[in-house]
Amino acid sequence: MTATRLVGLGSMGSGMARNLLQHGFDLVVDDIDAAHVEALVAAGAHAAVPGPVAENLVVLSLPAPQHVEAVCLGKDGLLARMRAGVALVNASTVDLELARHLDAACAEAGILDVDGPVTGAADGAALGTLAFMCGASDAALAAVRPQLEAVGQEIAHVGPPPAGTAAKPLTTMLWFIHVAALSDSLSLATRCGVDIDRYAELVRGIDCAASSWVARHDLPNILADDDDPSLTLALCVKDLRLIGELGAEAGYASDFAAAAARARFDRALERFGPETGELAVTRIAETAAGTSIRSPRG
């Protein structure tokens, strides 16, 4: 089968790598942390070596725009070592300026560009249930679809590059707004004497207007006092900054509900630190309400 290189083996990349291996793909892995590489090599992958990129597909799963830029661009970057006709999938979350720069560099080098950030969290990466938002030509997306389907449940073709980069923060915006709103709702419920476990069952119910993926995915962690360190507050604030930049570029930012969510996450980052899990943001609402939204029954 087509050889694939996956660059970035953090909480998202490692899950994607294992699913590619389970689906029989010949996989080369690359990360600055040797322990991450060794774990995947033990599972059947090959470690990347310096020099020309021999694989037909390169997938990036990196934490922030500066990492993508450092890995891809420049004299010894990936694009300079890839040959014409191969494909690059950027599954990282970056800004529009960098996404456009990557697309132009790919076009100049004859590389198929798939601007394909993901959503679905670390457990979705492990389970192979991610959703890809792909900005790509029809031909480029067709070339990489088998690998994407090995790690994702939904492959949405949202337009040409950088449409994927634009779509990703918009879905993240809805996620973070809902997390902040959910913590307000839970805190107010406890202030009103509502049983928190029964209220959580209601909100997570499939026939309830308030239910959602966020409620089903994050409520168990909130009740269990687990901030979910697989996504840090630093990365949340980075994504919310990208949302603000996207709105400013589009000329529509003044009334974004995301601005309130960003203020909440900024306060959580300042109070709890950048490496704290994303759901620590719910503690801001608890403090304001003077109550607890943690389950007394664990």
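Kindly indicate whether any position in the range 88-95 is out of contact with any helix residue (DSSP H, G or I) (no Cβ under 7 Å at 6 or more places or on another chain), at pLDDT 95 or above and part of a helix (DSSP H, G or I). No, every residue in the range 88-95 fails to be out of contact with any helix residue (DSSP H, G or I) (no Cβ under 7 Å at 6 or more places or on another chain), at pLDDT 95 or above and part of a helix (DSSP H, G or I). Looking only at the range 118-127, decide whether some residue is among the aliphatic types (A, V, I, L, M), touching a residue at least 40 places away in the same chain (Cβ under 8 Å) and not in a helix (DSSP H, G or I). Yes. Whenever a residue of the range 228-239 is free of Cβ contacts under 8 Å to residues at least 12 places away in the same chain and on the phi < 0 side of the Ramachandran plot, it has no partner that is buried (at least 20 other Cβ atoms within 10 Å of the Cβ) and hydrophobic (A, V, I, L, M, F, W, C) lying with C-beta atoms less than 8 angstrom away and at least six residues away or across chains. If the condition is being surrounded by fewer than 19 Cβ atoms within 10 Å (Cβ to Cβ) and either in a helix (DSSP H, G or I) or in contact with a strand residue (DSSP E or B) (Cβ under 9 Å, 6 or more places away or on another chain) (or both), then the range 239-259 contributes R241, G244, E245, A248, E249, A250, A257, A259.
Restricted to the range 132-234, the set of helices (runs of 4 or more DSSP H) holding at least 1 residues that are touching a strand residue (DSSP E or B) at 6+ places or on another chain (Cβ under 8 Å) comprises 138-151, 163-191. Among the residues of the range 171-182, are any among the hydroxyl-bearing types (S, T, Y) and not assigned by TED's automatic domain parsing to the domain that holds G10? Checked the range 171-182: at least one residue is among the hydroxyl-bearing types (S, T, Y) and not assigned by TED's automatic domain parsing to the domain that holds G10.
The values are calculated or read from the model by the stated rules, or taken from the named source; none is laboratory data. Treat the numbers as computed from the prediction; the structure is a model and nothing was measured. Glycine also receives a Cβ, built like all others from the backbone with ideal geometry; neighbour counts cover every protein chain displayed.
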